[in-house]
1. If I build a Gaussian network model for chain B, linking alpha-carbon pairs within less than 10 angstrom, which residue out of B:Ser97, B:Ser40, B:Ser13 has the largest mean-square fluctuation?
2. Count the lysine pairs in region A:147-229 whose Cα atoms lie under 20 Å apart, taking only pairs 8 or more positions apart in sequence or on different chains.
3. When A:Asp84, A:Asp389 are ordered from fewest to most other Cβ atoms inside 10 Å of their Cβ, what list results?
4. Return one number: the angle in degrees, 0 to 90 and rounded to the nearest 10, between the long axis of the Cα atoms of helix A:278-302 and the longest principal axis of the Cα atoms of chain A.
5. Which value, in debye to the nearest 20, describes the size of the charge dipole of region B:58-163 about its Cα centre when Lys and Arg Cβ atoms bear +1, Asp and Glu Cβ atoms bear -1, and nothing else is charged?
6. Specify which residue in the list A:Gly242, A:Leu349, A:Leu158 is farthest towards the positive end of the charge dipole of region A:58-389, using unit charges on the beta carbon of Lys, Arg (+1) and Asp, Glu (-1), about the Cα centre.
7. Cross-link partners among lysines for A:Lys23, C-alpha distance below 26 Å, same-chain residues fewer than 8 apart left out?
8. What's the exposure ranking of A:Ile315, A:Ile371, going from fewest to most Cβ atoms within 10 Å?
Amino acid sequence: MQSRWDIGRPEKPTINSETEQLKTELLTLNMGPQHPATHGVLRIEIKTDSEIVAHAIPHVGYLHRCMEKHSENLDYRGVIPFVDRLDYLAAMSMEWTYVAAVEKMLGTEVPRRAELLRIMCAELQRIASHLVAFGTYIIDLGPQTVFLYAFDMREKILRMFEEVSGARMLYNYIWIGGVWNDWTDEQLKNVEDFCDQMEVEAKKYYELNSSNKIFINRTANVGIMSTKDCFDFGATGPVLRGSGYAWDLRKVKPYSLYEEFDFDVCVGTGEIGQVGDCYNRYIVRMNEVLESIKIIRQVLKKLEPGPIMAKVPKIIKLPKGEVYMRHECPRGELGVHLVSDGGKTPYRLKIKSPCFTHISMLPRVAPGQMIADFVATVGSTDIVLGEVDR
Amino acid sequence: MSTQTGSVRDYFSALFDGITSTARALYITFKYVWSVKPVSIEYPEVREVLPERARMRLFNDVLNCISCTQCAMACPVDCIYIAFEKLPEGAEIKKTSNGQAIRLKLTQFTIDTALCCYCGLCTTVCPTECLTHSHDYEFSQYTIDTMKYDYLAPDVMAWRDRIVKS
């Protein structure tokens, strides 16, 4: 190998002869919470050249709970609590995807009120999930205050869900054929009040964080995932939309009653920074909160009294066959592949997780980044390890 | 990528932007010092009132249980253990509070609370509504064995007066 001193220099300076003989090698660094008692156990093995990441290898599987195999021994209703625990920050969306898959095979007609309530729950859950993404992302980057603002608002959503379903995070609220409990008028009034508050808060978040010069410098032009990268890996959700591609299943292939609703698909515009960087992914999430509020307001107008549960046999037996159902969850497209052999339990339940796709994109964007920028990139993909490992 | 090459003017304008935008954010934060009431609850002196449907520790009112084992079958984690036997000949058939006849003698009703996932599926299938989620959430223990509650034990049965509503 040619030494760098050979270029245009007749003699090597004697003072540097020692330095040349020094060996340099990559330093291995383990990143992430790795203790088994913490939730969201992620280990990323990074090889660093001084402060620059040479490559990063995510090691997944610390939170593997054998959920897919275990659900083969459960009846169709019993799987719902397990599906909750996939993405524990957006349990409503997870439940809904699974339940929709079962209903599609069963051929159940869900009452209109139940379907509207499901949309409302899923959108409230989207806000709650994005607030966690927002709060924890900022805490990854340094400031601590914003986290408390985000969790204050999230707590209000969790309280509403607790009042109606009985649990704060793992609801088991969306059932096969409808929803468990009905919302009273008082509870729906709370939702309306929350929407008003959230709009005020969203402006506050912009002042607090999104417009902050230091935050913009930390995130803009960092961790760029191009549209081609996203297509290659199969990224969905805010990561794909942050890369400037308007793909939202609610708009592109509307499921449930989403056709009736008027909302926009938020796309990273590159106004600040560059399309596909951390800031654009972040701002897509913040804008989606406002779009969700729009949908919730429309749901509240459309709600009419009616049944919330369809007639479903007491022991559910699905006909032979298979179904693939995908929904737009806060973190991307969740796919449920359900195979039935005609029995009381699923023959196979395969979950396609969006977070697994996003975590596998990290080795692609990591090389050449500073370590601090890599932290910002990991945070901006908003991964939940419960869903990655299943 | 935070290093930006530029003129001295750019450097100072970025510095100025950084200070003003942070000051704007701090202004919002400082407003909370006086105008917003604290939201923390001084647990355990002050307790939050739980919503009516809150799902906390399970409680079985064994006097109303008809040993149908539907709860054990619905349970996705199999944490309910039930044993029963036939009533002796000529024994008096009691009735539950909603008028169902108790034709079997319950000999064991144990729930492993450490295993329970609080999903609420068992309470929805209960025909006599004797198995309910109570509002009891303070039951941490030192060893995992003590998390198994036998609802036929007299001391556990005594909770009924405290827990069961109506």
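1. Between B:Ser97, B:Ser40, B:Ser13, it is B:Ser13 that shows the largest mean-square fluctuation.
2. 5
3. A:Asp389, A:Asp84
4. Taking the Cα atoms of chain A, the angle to A:278-302 is about 10 degrees.
5. 340 debye
6. Farthest along the dipole direction, towards plus: A:Leu349.
7. Within the straight-line limit of under 26 Å, A:Lys23 reaches these lysines: A:Lys12, A:Lys47.
8. Ordered from fewest to most neighbouring Cβ atoms within 10 Å, A:Ile315, A:Ile371 come out as A:Ile315, A:Ile371.
Values in this text are rule-based calculations from the coordinates and carry no lab data. All values derive from a computational prediction rather than experimental measurement. Don't worry about glycine lacking a Cβ; one is built from the backbone with ideal geometry, like all the others, and counts go over all protein chains shown.
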